[in-house]
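One structure is given here, and the rest of the page talks about it.
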Amino acid sequence: MSSASSAGVRSTRVGAGLIALGVVQFSAVMAVVQYGYPGYSDTMNYISDLGNTATSPWHLVFNASIVVLGVLAFVGILLAWSGFPAGGSRVVGLFLLLLASLGAIFVGLFPENVNPTVHGLASLTVFGPGGVALVVLAAGMGARTSWHWLRLTSVVLGALTLVSLAYYVPTQGNNTTWDPGLVERLIVFPILVWGFLAAVQLARHPIPSAAPVTTPA
């Protein structure tokens, strides 16, 4: 392996680690902060309620965690860029994920009760681009790449986010969303799950191969 290839492998693995760390720490913090929030409901309370400075006892922890998630995801994607299947889908998909990462940072910096407008726009920047990115990236996960096992999963997770978002946005406008906390989780959790799975793939196969996958004779 050349020094350039070795550097690329290290960069990809570091990026994978950052992405996984971001997802794991945010998931853990979300559970802990939720536990410390009196009367919190997974189905009725929004995720962002955990960062509400007026009602959430540990809002500083949650808001810091989502900022960390955004930063780690942004840096991790840049470092692991070459580990994703090459092509137009990589460029478009990862650009959308970078945009979603920036959105996560702004969600944490502007809690729902501090600046609802910015918070809402930042949330949509996470939801929309994040869901579309999963579907776009799936287009590059063909049978000739080591990512083929994640292709269908990417489509399903991306579609779940987008379908849930398509229901969520208009019903939010007239306050008719059924179990808003649950629906919001159906938007967010698929992106988090995909991020962890992608990190595992990047760590195992840091440089995607364009050669056909063969089986031993």
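Regarding ASP42, is this residue touching a Ser or Thr at 6+ places or on another chain (Cβ under 7 Å) and acidic (Asp, Glu)? Even if it seems obvious, please write down each step before you answer.
On the way: touching a Ser or Thr at 6+ places or on another chain (Cβ under 7 Å): no; acidic (Asp, Glu): yes.
Considered against the rule, which asks whether it is touching a Ser or Thr at 6+ places or on another chain (Cβ under 7 Å) and acidic (Asp, Glu), ASP42 comes out as no.
Among the listed residues LEU102, LEU97, identify the single one that is crowded, with 22+ Cβ neighbours inside 10 Å and in contact with a Phe, Trp or Tyr (Cβ under 9 Å, 6 or more places away or on another chain). Give the derivation first.
Values: LEU102 fails: crowded, with 22+ Cβ neighbours inside 10 Å.
Only one candidate qualifies: LEU97.
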Item to check | For THR153: the one exception among (1) farther than 29 Å from ALA64 by Cβ; (2) at pLDDT below 95 | outcome: (2)
Checklist entry - In this structure, is THR145 more than 28 Å from ALA54 (Cα to Cα), in contact (Cβ under 8 Å) with a residue 24 or more places away in the chain and over 14 Å from the mean Cα position of the chain (by Cα)? => result yes
Checklist entry - Conditions: (1) of a type outside the set (Asp, Glu); (2) at pLDDT 95 or above; (3) surrounded by fewer than 17 Cβ atoms within 10 Å (Cβ to Cβ); (4) not in a helix (DSSP H, G or I). ASN45 meets all but one. Number of the miss? => result (3)
Item to check | Single match in ARG151, ARG144 (criterion: assigned to a loop (DSSP other than H, G, I, E, B), among the charged types (D, E, K, R) and at negative phi) | outcome: ARG144
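If you go through the range 75-90, how many residues are assigned to a helix (DSSP H, G or I) and touching a residue at least 60 places away in the same chain (Cβ under 8 Å)? Give the derivation first.
If we filter the range 75-90 for residues that are assigned to a helix (DSSP H, G or I), which is where we start, we get 75-79, 81-83, 88-90.
Checking which are touching a residue at least 60 places away in the same chain (Cβ under 8 Å) leaves us with 75-79, 81-83.
Matching residues across the range 75-90 total 8.
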Checklist outcome for this item: Taking the range 48-74 and keeping residues among the aliphatic types (A, V, I, L, M) and assigned to a helix (DSSP H, G or I) leaves LEU50, LEU60, VAL61, ALA64, ILE66, VAL67, VAL68, LEU69, VAL71, LEU72, ALA73
Checklist entry - Mind checking whether some residue in the range 122-129 is surrounded by 15 or more Cβ atoms within 10 Å (Cβ to Cβ), touching a residue at least 40 places away in the same chain (Cβ under 8 Å), farther than 27 Å from PHE62 by Cβ and among the aliphatic types (A, V, I, L, M)? => result no
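Quick check, is GLY130 in a helix (DSSP H, G or I) and among the small types (Gly, Ala, Ser)? Spell out how you get there, then give the answer.
Numbers: in a helix (DSSP H, G or I): yes; among the small types (Gly, Ala, Ser): yes.
Yes.
The values are calculated or read from the model by the stated rules, or taken from the named source; none is laboratory data. Note that the structure is a prediction, hence the values are computed from the model and not measured. Because the Cβ atoms are built from the backbone with ideal geometry, glycine has one as well, and the counts that use them run over all protein chains shown.
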